Amino acid sequence: MKNASPYRIAVVEDDPALLELLQEELTSHGYQIAACDSAEALLTQLEDLTPDLVISDIRLPGIDGMALLQRLRQQPKPPALLLITAFGTVRQAVAALKQGADDFLTKPLDLEHLLLSVERLLAHKALQQEVQQYRQSSQQGPGGMIGQSRAMRRLYQQTERIAKAQGAVLILGESGSGKELVAQALHQQSDRASKPFIAINCAGIPAELMESEFFGHAAGAYTGARGSRAGLFKQADGGTLLLDEIAEMPLLLQAKLLRVLQEGRMRPVGGDDEVAVDVRIIAATHQNLEQLVEASQFRADLFFRLETFTLNIPPLRERADDLELLAQHFLAQLKQKQPANVHSISSDALDCLYRYPFPGNVRELQNALERAYTFASSHEITPDDLPERIVSYQGKPAVPQQASDTSWPSLQQVQHNYMRQVLQHTNGNKQQAAEMLGITRRTLYRWLEEQQAGQQ
């Protein structure tokens, strides 16, 4: 007998002689074997067994191999599946491969061939696990940001460089795009990381209280001010202060903020003496500050002081490569907060997410998945669980290009023909088709829309 293997294999076969033969052969090669005479027997103990590989006959009493395949695919970490088939059902085995089976063998079994297939499938699964572990370790950027698209990698690089500077930073981006996460990343990568990080939304503070909130006040500065109070600047001393929605700050207070930026000193409301503060200011807004400057609604000198280091956060529609990564991240977070029997997002549900432009950006995606997770009635999130606006959304088709007047097919025609062949090969599975074409699912949808528009 060979050295023990760390891999667990479940064998499902209703022929007792063949089941015993497979068990003996695989055990002699060091594998841990669970022998089952039916798919039902396997499914009842699947959670405890957690096999790395399932070897199953297609023809079984009760739940057959094809139905077992569907059940296994619903598992949070589905095992590899090797099907055994008679010559008369080879076509069925090929269909199973298209639906996610990993390999099949025909009867009578060649044991050497069986062992080679088992070794190959287990080696491939080990590689997949390594890749998954790498992705999980590398998918999270600084400050908890998620994404590996080109736009996000560029943002990570800019954030790392700006974090080492000391000047004020202006973060621009649509609502829900993650401006506060970027601010946290700047703080965590700076030499101020051990000091406070304080975030305040300027739109959430009444204008008459804003000065006291920021700069503090002396005792008796106004009615009700019985004692002195340190403001946000003093609380953040040595660290970082995020002023979200900076465009909502009154002009008078903008002038005082500019003095803090220039002199590093401030005067509490009702105070006689100035106080030195060492705070790095990060301002954020979804509004166009240049337009507000032209309309005299934002101070030009403050704008020029803030824009020295500017970061533009890409909206979700411009980083579609990150959508599935973000969706899986939010699903994992939900499972930790409120455990449920929901393990994945169906391909059809992902198709809906990719079609939708997400005007509310990452925050809207997170909220949509929280709703879907809560209402999901199966192991996976389906389109029925998503908000209606996402499911019913129909993207506008791209403007078709002019076809060639020559007898040669246009590059667009060649592209569409090839795309159609790949889709036929994958049985319409768009995720597999996109992987074979070497493009993102979003790009595939754009190509399909172009094709549809060209046929109208």
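The values are calculated or read from the model by the stated rules, or taken from the named source; none is laboratory data. Please read these numbers as outputs of a predicted model, since none were measured by experiment. In this analysis, Cβ positions are derived from the backbone assuming ideal geometry, glycine residues included, and neighbour counts consider all displayed protein chains. Surface areas here come from the heavy atoms of the whole protein model, side chains and all, with no ligands, DNA or RNA. Shrake-Rupley method; radii C 1.70, N 1.55, O 1.52, S 1.80 Å.
For the reader, a short list of remarks on this structure follows.
- The listed residue being free of Cβ contacts under 8 Å to residues at least 24 places away in the same chain, open to solvent by less than 70 Å² (accessible area, probe 1.4 Å) and assigned to a helix (DSSP H, G or I), out of L68, L19: L19
- Remark: pairs (first residue in the range 239-256, touching a residue at least 12 places away in the same chain (Cβ under 8 Å) and more than 20 Å from S296 (Cβ to Cβ); second residue of a type in the set (S, T, N, Q) and open to solvent by less than 10 Å² (accessible area, probe 1.4 Å); Cβ separation under 8 Å; 6+ apart in sequence or on different chains) = D244/T285.
- Helices (runs of 4 or more DSSP H) completely within the range 90-180 that count 3 or more residues being at pLDDT 80 or above: 111-138, 150-163
- Residue within the range 256-265 that is part of a loop (DSSP other than H, G, I, E, B), among the hydrophobic types (A, V, I, L, M, F, W, C) and out of contact with any Gly (no Cβ under 7 Å at 6 or more places or on another chain) present: no
- Flag for I84 being farther than 19 Å from P108 by Cα and either part of a strand (DSSP E or B) or aromatic (F, W, Y) (or both): no
- Of all residues in the range 83-119, those satisfying the criterion of being basic (K, R) and in contact (Cβ under 8 Å) with a residue 12 or more places away in the chain are K98, K107.
- Any hit, the range 375-397, residues being at positive phi, at pLDDT 85 or above and crowded, with 21+ Cβ neighbours inside 10 Å: no
- Qualifying positions in the range 71-119 - surrounded by fewer than 13 Cβ atoms within 10 Å (Cβ to Cβ) and within 13 Å of V54 (Cβ to Cβ): K77
- Filter pass, G238 being modelled with pLDDT under 90, surrounded by fewer than 17 Cβ atoms within 10 Å (Cβ to Cβ) and assigned to a loop (DSSP other than H, G, I, E, B): no
- Scanning the range 335-361 for residues that are open to solvent by 20 Å² or more (accessible area, probe 1.4 Å) and part of a helix (DSSP H, G or I) returns K335, Q336, K337, S347, D348, R355.
- Looking across the range 181-190 at every residue that is open to solvent by 40 Å² or more (accessible area, probe 1.4 Å) and in a helix (DSSP H, G or I), the one that is farthest from G360 (Cα to Cα) is identified as Q188.
- The combined condition, being touching a His at 6+ places or on another chain (Cβ under 9 Å) and polar (S, T, N, Q), is not fulfilled by Q45.
- Qualifying residues in the range 211-233 (those that are surrounded by fewer than 17 Cβ atoms within 10 Å (Cβ to Cβ) and either of a type in the set (S, T, Y) or not in a loop (DSSP other than H, G, I, E, B) (or both)) - the one modelled with the lowest pLDDT: T223
- Considering E208, E245, E290, the condition of being at pLDDT 90 or above, surrounded by fewer than 16 Cβ atoms within 10 Å (Cβ to Cβ) and either within 30 Å of P314 (Cα to Cα) or out of contact with any Gly (no Cβ under 6 Å at 6 or more places or on another chain) (or both) is satisfied by E290 alone.
- Sole residue being in a helix (DSSP H, G or I), at pLDDT 90 or above, of a type in the set (D, E) and surrounded by fewer than 14 Cβ atoms within 10 Å (Cβ to Cβ), chosen from E47, E24, E40: E24
- In this structure, I55 does satisfy being touching a residue at least 40 places away in the same chain (Cβ under 8 Å) and more than 29 Å from the chain's Cα centre (by Cα).
- Candidates A199, A193 - the one that is aliphatic (A, V, I, L, M), closer than 25 Å to N312 by Cβ, open to solvent by 20 Å² or more (accessible area, probe 1.4 Å) and free of Cβ contacts under 8 Å to residues at least 24 places away in the same chain: A193
- Considering D301, D273, the condition of being open to solvent by 60 Å² or more (accessible area, probe 1.4 Å), among the acidic types (D, E), closer than 30 Å to Q235 by Cβ and part of a loop (DSSP other than H, G, I, E, B) is satisfied by D273 alone.
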